[in-house]
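Read the figures in this text as sums done on the coordinates, not as results from a lab. Keep in mind the model is a prediction, meaning the values are calculated, not measured. Every residue, glycine as well, gets a Cβ built from its backbone with ideal geometry; the counts of neighbours run over all protein chains shown.
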Amino acid sequence: MTGLYAKTRLSIQFFFVFALALFLTGCVADGYSSGRGHNSGVVSNDPNAMPNLAWQTGTDRRELSQQSQQFRPGLINAGPIEKVRVALLLPLSGKNTDLGQSMLKAAQMALFDVGSANFVLNPRDTKSTPEGAAAAAAAAVANGDQLILGPIFADDVKAARPAAGGLPMIAFTTDWKIAGGNTYIMGFLPFAQVSRVAQFASSKGYGRFGVFAPQTEYCDVVISTLRSSADIDKTGRYMPQQTDLTEIVKQFIDESKTADGTLRYQSLMLPVGGESLRSLLSVFSVNGLTNKNVKLVGTGLWDDTSLSRDPALYGGWFAAPDPKLRTDFDRRYQENYGAAPLRLASLAYDATALAAVLARTSPQDPYSRGNITNMRGFAGIDGIFRFRGDGLAERGLAVLEIQSGHTRVVDPAPTAFLSGS
């Protein structure tokens, strides 16, 4: 480590040698499937409903640090402080090493910011395999760890859960089918993303949608959620492996027009990202449908800085955590580690901060279901979030507009969850 973090006295144990290489793409679309009901988004700024725990600002961190110094006042000579042990399951070797290392560094930052004397974080290597994840979970049980943070990928979570012996697990996957029991899913889910942007579009006069999407489970859920939040006039589907979409796009556009040649919908939902989105936009443009005659709308897959440089997307909307909340985190990470954090690193920061603060505020039973599913939720690097009773995470999202080389918040994220929601 470099900078301030090299000097910290935090109790963090390192067990493995870091390797090289990362292939991040598979993580973004990891494990989406149909099945669960959507969440309609959270829209409240009621100060009486503010999250019970917050650590995303410097003021929040200073207050938590002061509380840490006062931990167990008057009991300095009462004997050793009982440790609360938490396992962090990450790929610290194998093909996803870079992702694991970035998330581990973010967890170190959280420990420095809000950790306390009674909290110990034990990083455990999943070796980028389901078998490694199962072995890491078993080691956590044998060590007496009380909570598991991670793993990242759906197959790793499925393998680790039986070995966890009933320990609560806050996983970083996006596969909501795995949620339930003592398994909580912290990954960024499409339900609130779709509802949030659809409701905003409707409020601005763009409430009638067309959808063009590959035939995947992820897109099935996007369409189902959109249907419950807005009017869908036209839906076009194609096989994910199709490379030439010229004819199907032309047919979709032709069937979308009224007798006078105008489109029947004001918004077009395109729930794809990366190069797939760029290619799709090119085909649409050739056939006369562009951001000049329809409002382009997407999901969290658009939360990609490279897409903001594509003029075909300028003016497009999607819902995601407010990037301003990450600015301080990104800056401090860069200063201390000499590189920018990978996008999912903030999940490890927020999960570690949550575990550390709960260990301090409820040392006897920090990870009870009641504590984890606190209705008022928590405020982290990616905004407010909370876990529902079924194990899925709800988040307060902003609506972002893509502009030339950057994104702009056009509707701020809520600061609190609705009371009783």
Let me check against my output: what whole-number percent is the relative contact order of the stretch 266-414, with C-alpha pairs under 8 Å and at least 6 apart? 24
For the stretch 329-334, just list the computed ³J(HN,Hα) in residue order, Karplus coefficients 6.51, -1.76 and 1.60, θ = phi - 60°, integers in Hz, with x standing in for Gly and Pro. 4, 4, 5, 5, 4, 4
At a Cα cut-off below 19 Å, give the lysines reachable from LYS295, other chains included and same-chain residues fewer than 8 away excluded. LYS204, LYS234, LYS250, LYS257
Amide H neighbours of ARG208 under 5 Å, counting only residues 5+ apart in sequence or on other chains, H built in-plane at 1.01 Å? GLN266, SER267
Could you work out the mean projected area of the convex hull around the alpha carbons of the stretch 282-421, in square nanometres to one decimal? 10.9
Over the residues of the stretch 185-281, compute the C-alpha Rg and express it relative to 2.2 N^0.38 Å. 1.10
Pairs of alpha-carbon atoms within less than 8 angstrom and 6+ residues apart define the contacts here; what relative contact order does the stretch 115-213 have, in percent? 19
Give the lysines whose C-alpha is closer than 24 Å to that of LYS95, dropping any in the same chain fewer than 8 places away, or say none. LYS105, LYS127, LYS158
Calculated FRET efficiency for the pair GLU63/VAL286, C-beta based, R₀ 41 Å, to 0.05: 0.15
Among 350-363, 209-222, 318-331, the order from most to least packed when residues are scored by Cβ within 10 Å on average: 350-363, 209-222, 318-331
Taking 0.36 nm per intervening residue step and subtracting the Cα-Cα distance, what contour gain separates SER404 from TYR314 on full extension? 31.7 nm
